[in-house]
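Report on the following structure.
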2 protein chains.
Amino acid sequence: MTSMTPARTSPPADRPQLGLRERKKIKTRTAIRDATYALIEEQGYEATTIEQIAERAEVSPSTVFRYFPTKEDIVLTDEYDPLLLEELSARPADEPWMDSLRHVMRYAIGAATTDEPEVTKLRMRLMVEVPAVRSRMMETMSVTGGLLCQAVAGRTGLAPDSLEVRVFSMSLIGGLLEVSMYWAENDFQGDLADLVDRAMEVMEKGLPTEIR
Amino acid sequence: MTSMTPARTSPPADRPQLGLRERKKIKTRTAIRDATYALIEEQGYEATTIEQIAERAEVSPSTVFRYFPTKEDIVLTDEYDPLLLEELSARPADEPWMDSLRHVMRYAIGAATTDEPEVTKLRMRLMVEVPAVRSRMMETMSVTGGLLCQAVAGRTGLAPDSLEVRVFSMSLIGGLLEVSMYWAENDFQGDLADLVDRAMEVMEKGLPTEIR
DNA sequence: CCTTCTTTTGAGAGTTACTCTCATTTCATG
DNA sequence: CATGAAATGAGAGTAACTCTCAAAAGAAGG
């Protein structure tokens, strides 16, 4: 899911013969992001202004806004969701639903923590510390939620816009988001994959000591 | 929870001999809120500026910000959470946890839909339509989540900051928030309490057709 | 290479939510 | 009524965004 996946330098997979124009666009995009990360490390999130970002990325402020609709998006945006959903639908149809999810989550976590661990951690830290970032993250998670609904519906045969599917998806996403926060708040101790396992256990079976 | 409870004209219960100062404060607070609601009905959320709100409420813009930290808060803020938690902890200790929750939810829904149904609906509509409002709502829900953790912990004997409790609380809140959205998106058809029941069923037992 | 068309960029002005400060007013109290 | 504390208003300032328009830079064809 969004929170687990790092922002990529280049779009995953396809890169066949891009024109100079396209290549430049990618370069500016990452220039802006890198500038932002660097400035945030130096001064913190709030203290970093769009103007500073623009200056360091050597573009105009207008351009920054052209590439990212909000300041938070510079930090958060990634393009992994479709990949994950694909991964999810590629799972065997007879596999228990929660097991499929677990696999996909592991996959996502692997990608995020191997690829660019510092960036991933920075993002999670910002999520915990900066309300605006957290909000924006939740926003994008609810978009992810919509996609998840499709996947769940496809798998279970339920309607994607039914209350049940929607509630299930959102509560799942809420839970997973909380895992990230927990991990970040506890200084990234332990293995994120293990935490996710524990979380999914809870969401599947309820609290450990709960009296049914 | 927050999403279900209407903003009150006066703080619930206690009003024993308030000084003129306090009474005036309450009056301005509701004046601002009423002005906001009215303007939003007339022009929509985005088109309504703080200046307009201030003008109609007959206070200065500064005062508006003194009472509400953000524009979204004018619409969303209520003070019901503590009440609900109290209600929750007042439930018999041997009652199954989910049953307790169900009761409290019913209570909250009853209060919200009986008290000021139009306001409640307006808020939910804004939640669906205005991203900023939705974000802010999610923010406050995550605060509520923290409180809920305490309650869950007290009941189950688990640590309030344990991963399990936190995940459980947040996924619950995510699910309940989605119920509100669903209700609003479907033009408030059907009984909210029924929807909440169905949602809690999902969160307790998983999706209907799920193969365990 | 040069022309023409399209896309991307930069500059600048404007809006609005929000912050901070300080003087003034308004209530509380003895 | 005097004195102190709290609430208000006025105003200046910041920074994230939005919009518009003209200049610059790649794409494509002759």
Quick check on packing: order A:92-102, B:155-165 by the mean number of other C-beta atoms within 10 Å, highest mean leading. B:155-165, A:92-102
So the label point sits 7 Å from Cα along the Cα-to-Cβ vector; using that for B:Pro208, what distances do you get to the other copies, in nanometres, sorted shortest first? 3.4
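Below 12 angstrom from the Cβ of B:Ser60, what's the summed charge of the other residues (Lys, Arg +1; Asp, Glu -1)? Walk me through the intermediate numbers first.
On the way: positive: B:Arg66; negative: B:Glu51, B:Glu55, B:Glu58.
Once all neighbours under 12 Å are counted, the net charge is -2.
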Taking chain B as the reference, fit the longest principal axis to its C-alpha atoms, fit the long axis of helix B:131-156 to the helix C-alpha atoms, and give the angle between the two in degrees, 0 to 90, nearest 10. 40 degrees
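Among residues other than A:Ser169 whose Cβ falls under 12 Å from its Cβ, what is the net charge (Lys/Arg +1, Asp/Glu -1)?
Numbers: positive: A:Arg155, A:Arg166; negative: A:Asp161, A:Glu164, B:Glu178.
Surrounding charge for A:Ser169 is -1.
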Taking only the Cα positions of chain B, the convex hull volume per residue in Å³ is 142 Å³
With Cα atoms, 0 to 90° folded angle of helix B:20-43 axis to chain B main axis: 80 degrees
Zone of A:Gln52 (label point 7 Å along Cα→Cβ, backbone N under 16 Å): which residues in segment A:102-139? A:126, A:130
Overall form of the protein assembly as shown per C-alpha gyration tensor (a/c, 1.5; a/b vs b/c): oblate
Footprinting exposure proxy for B:Ile53, B:Ile26, B:Ile109 (fewest neighbouring C-beta atoms within 10 Å first): B:Ile26, B:Ile109, B:Ile53
On a 0 to 90° scale, report how tilted helix B:192-205 is relative to the longest principal axis of chain B, with both axes built from alpha carbons and the result rounded to the nearest 10. 40 degrees
Suppose each label sits 7 Å from its Cα in the direction of the beta carbon; what would the A:Tyr107-A:Glu201 distance come out to in nanometres? 2.4 nm
For the pairs A:Lys71/B:Lys121; A:Lys71/B:Lys71; B:Lys71/B:Lys121; B:Lys27/B:Lys71; A:Lys121/B:Lys205, flag any whose C-alpha to C-alpha distance is greater than 23 Å. A:Lys71/B:Lys121; A:Lys121/B:Lys205
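All of the numbers you see were taken from the coordinates with simple rules; none came from a lab. Predicted model, so just to flag it, every value in this text is computed and none were measured. Here Cβ is always computed from backbone atoms with ideal geometry, including for glycine, and neighbour counts include all displayed protein chains.
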